[in-house]
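A.B. asks: The structure's right below; bear with me while I get my questions together.
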Amino acid sequence: MSIGVFTKEVIYNLFHKPATEKYPFVTREYGERTRGHIENDMNACVLCGMCMMRCPSHAIKVDRNAYTWSINPFSCVQCSYCVEGCPKKCLSMKNTYTTPDTAKNTVTLKYSDERIRAEEEKKKEMIAKAMAAKKAAAEKAAAAAKTAAETPKAAAGTAGTTEKG
Amino acid sequence: MSKISVVPYGPQHPVLPEPVHLDLVLQDEKIVSAIPSIGFIHRGLEKLVEKRDYKEMVFVAERICGICSFGHGMGYCEAVENVMKVEVPDRAKYLRTIFQEMSRLHSHTLWLGLAADAFGYESLFMQTWRIREKILDMLEMATGGRVIFSIVDVGGLRKDVPDEMLAEFAKRLKDLREDYNRITAAFLEDDAVKSRLCGVGVLTIEQANDLGCCGPFLRASGVRRDSRMTDYEAYAKLDFEPVVSHDGDSYARCVVRIKEIYQSIDLIEQAIAQIPAGDVCTPVKGMPDGEYLARVEQPRGEALYYVKGNGTKNLERFRVRTPTFANIPGLVEVLKGQDFADVGTLILTIDPCISCTER
Ligand code: SF4
Ligand code: SF4
């Protein structure tokens, strides 16, 4: 017979502080490694879309035309895979949990107005450059065609040899 | 001769942590036979290999189970590493072993609590789960997650664990041993507990072998089989002897799990003492091409991971055989001839994990 095996534990509990904490008055400290939620520093983000490609739960959407980066924190599984892949290191995993919400809302971040203007400028410049390059290439091609037309004999000669061979 | 009646048991039942359904054929209060059916929480995780690349699949594999999640991720990674011929650094092997043993610790502690709850010892249940919190805190400190660690990666681990943290673990494990000493005494010696477990649901060594059981359920019937003896990860370098009991009843299963708790603490301490310095991840190049079957000893028994790659970023096939799947035939056998009142406890003694079984 063994009775009162548990008494030791009962006595232990009488003289030790409770295992739980008085929540609203005492909040829990999270460790620095705790994976809580994802944050993005929009000033550094270049909207490369790497995070969107890597995310296993498809929680992140990157829209380069609207200059937005959005995340659905309720789809995110806190795996940190996006953080590891971000080339600009602007994503970070914070150690506090996702803020509760009444619906599964998406959080959308946008470039600042100045940055959007700057990006638009850059885009225009790039388009202009590309147009110029295209024009130059077209001119070059035309010139090459002209030189080819001026030396038809040589071209015919090579064609003849290949036919014989 | 009394009438035969069929009582449906589950899928929603207060004693069951997860949905499994049993049709119990009863004669008076005795069970004549049991017909199990599963399929209530099938999620189609294996099919996801077609949609997620082999690196993202690590996260999916981890989510097969909420308790032995680390082992699932590790088993998957081991299989892919073998397909891709990647050599995992030694430090990562040790850390994986440590995390796997910590998972076993918290899983067995969880089981002890659930068992206490099943036979109606609520205060014991609470005290047991209080210990489990301490383990989860340690895991959160090291990996950032309490049950889903997301730390294992193809080629090693995503994050290193600093030596100071490991030293802190060693210290906390010492205290844990004290906690376990107080709690496990109640399981092993208390008459109320013994009356619910001793001699109930005996599975003989022949039955256990024939039905292909695994894990503590098998070892409690006297079979010395544990896939940790296949020396994967760092187990080859640790002093390890499987825990075996010969009684085959519910009490023996409880004893085996309790001894395994102490053994896990011991293995973690050994690993912390031996762990070498160095890298924790080998960079992986190329795509998996070939197939491999990995075996991992999970807290509930042996799990198998089959992986087949075809040289693209998505695997062609991923298959998991989980321990509970192997133990269900054993459970059906054990239930025969038992009292209806013992069904709850008996189902728990195989430590069922239905979510992983259905994936
Ligand atoms: S990977 Fe980083 S830089 Fe690229 S879009 Fe995502 S947050 Fe921005
Ligand atoms: S943490 Fe994981 S799930 Fe969450 S956004 Fe990043 S990649 Fe997606």
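The values are calculated or read from the model by the stated rules, or taken from the named source; none is laboratory data. Note that the structure is a prediction, hence the values are computed from the model and not measured. Heads up, the Cβs are rebuilt from the backbone with ideal geometry, glycines too, and the neighbour counts pull from every protein chain shown.
A.B. asks: Got a number for residues in segment B:97-129 being charged (D, E, K, R) and modelled with pLDDT of 90 or more?
C.D. replies: Counting residues in segment B:97-129 that are charged (D, E, K, R) and modelled with pLDDT of 90 or more gives 2.
A.B. asks: Considering each residue of segment B:259-296, count those that are surrounded by 13 or more Cβ atoms within 10 Å (Cβ to Cβ), touching a helix residue (DSSP H, G or I) at 6+ places or on another chain (Cβ under 7 Å) and in a loop (DSSP other than H, G, I, E, B), and give that number.
C.D. replies: 5
A.B. asks: Looking only at segment A:62-94, which residues are in a loop (DSSP other than H, G, I, E, B), within 16 Å of ligand 2 (Cβ to nearest atom) and among the hydroxyl-bearing types (Ser, Thr, Tyr)?
C.D. replies: A:75, A:80
A.B. asks: Among the residues of segment B:137-162, count how many are in contact (Cβ under 8 Å) with a residue 24 or more places away in the chain and either more than 10 Å from chain A (Cβ to nearest Cβ) or not in a loop (DSSP other than H, G, I, E, B) (or both).
C.D. replies: 13
A.B. asks: When you go through (1) within 25 Å of residue B:145 (Cα to Cα); (2) of a type in the set (A, V, I, L, M); (3) out of contact with any Leu (no Cβ under 6 Å at 6 or more places or on another chain); (4) touching a residue at least 40 places away in the same chain (Cβ under 8 Å) one by one for residue A:66, which number turns out not to apply?
C.D. replies: With respect to (1) within 25 Å of residue B:145 (Cα to Cα); (2) of a type in the set (A, V, I, L, M); (3) out of contact with any Leu (no Cβ under 6 Å at 6 or more places or on another chain); (4) touching a residue at least 40 places away in the same chain (Cβ under 8 Å), residue A:66 is out only on (1).
A.B. asks: Taking the conditions exactly as written (surrounded by fewer than 16 Cβ atoms within 10 Å (Cβ to Cβ), in a helix (DSSP H, G or I) and of a type outside the set (S, T, N, Q)), does residue B:326 satisfy them or not?
C.D. replies: It is false that residue B:326 is surrounded by fewer than 16 Cβ atoms within 10 Å (Cβ to Cβ), in a helix (DSSP H, G or I) and of a type outside the set (S, T, N, Q).
A.B. asks: Shifting gears a bit: Does segment A:13-30 include one or more residues that are more than 16 Å from ligand 2 (Cβ to nearest atom), in contact with a helix residue (DSSP H, G or I) (Cβ under 9 Å, 6 or more places away or on another chain), outside any loop (DSSP other than H, G, I, E, B) and within 13 Å of chain B (Cβ to nearest Cβ)?
C.D. replies: Yes: one or more hits.
A.B. asks: Let me ask something additional. Quick check on residue A:24: is it under 30 Å from residue A:117 (Cβ atoms), away from ligand 1 (no atom under 14 Å from the Cβ) and not β-branched (Val, Ile, Thr)?
C.D. replies: Answer is no for this residue.
A.B. asks: Still on this structure: Quick check on residue A:97: is it within 14 Å of another protein chain (Cβ to nearest Cβ), surrounded by 14 or more Cβ atoms within 10 Å (Cβ to Cβ), of a type in the set (Phe, Trp, Tyr) and not in a strand (DSSP E or B)?
C.D. replies: No.
A.B. asks: Pick out the one residue from A:22, A:89 that is farther than 30 Å from residue B:56 by Cα, at pLDDT 85 or above and of a type in the set (Lys, Arg).
C.D. replies: A:22
A.B. asks: Tell me whether segment A:50-69 contains one or more residues that are over 25 Å from residue B:57 (Cβ atoms), within 8 Å of ligand 1 (Cβ to nearest atom) and away from every other protein chain (no Cβ under 13 Å).
C.D. replies: Yes, there is a match, as at least one residue in segment A:50-69 is over 25 Å from residue B:57 (Cβ atoms), within 8 Å of ligand 1 (Cβ to nearest atom) and away from every other protein chain (no Cβ under 13 Å).
A.B. asks: Continuing with the same structure: Criterion first (more than 10 Å from ligand 2 (Cβ to nearest atom) and either assigned to a helix (DSSP H, G or I) or within 30 Å of residue B:53 (Cα to Cα) (or both)) does residue A:45 satisfy it?
C.D. replies: Taking the combined requirement at face value, the residue satisfies it.
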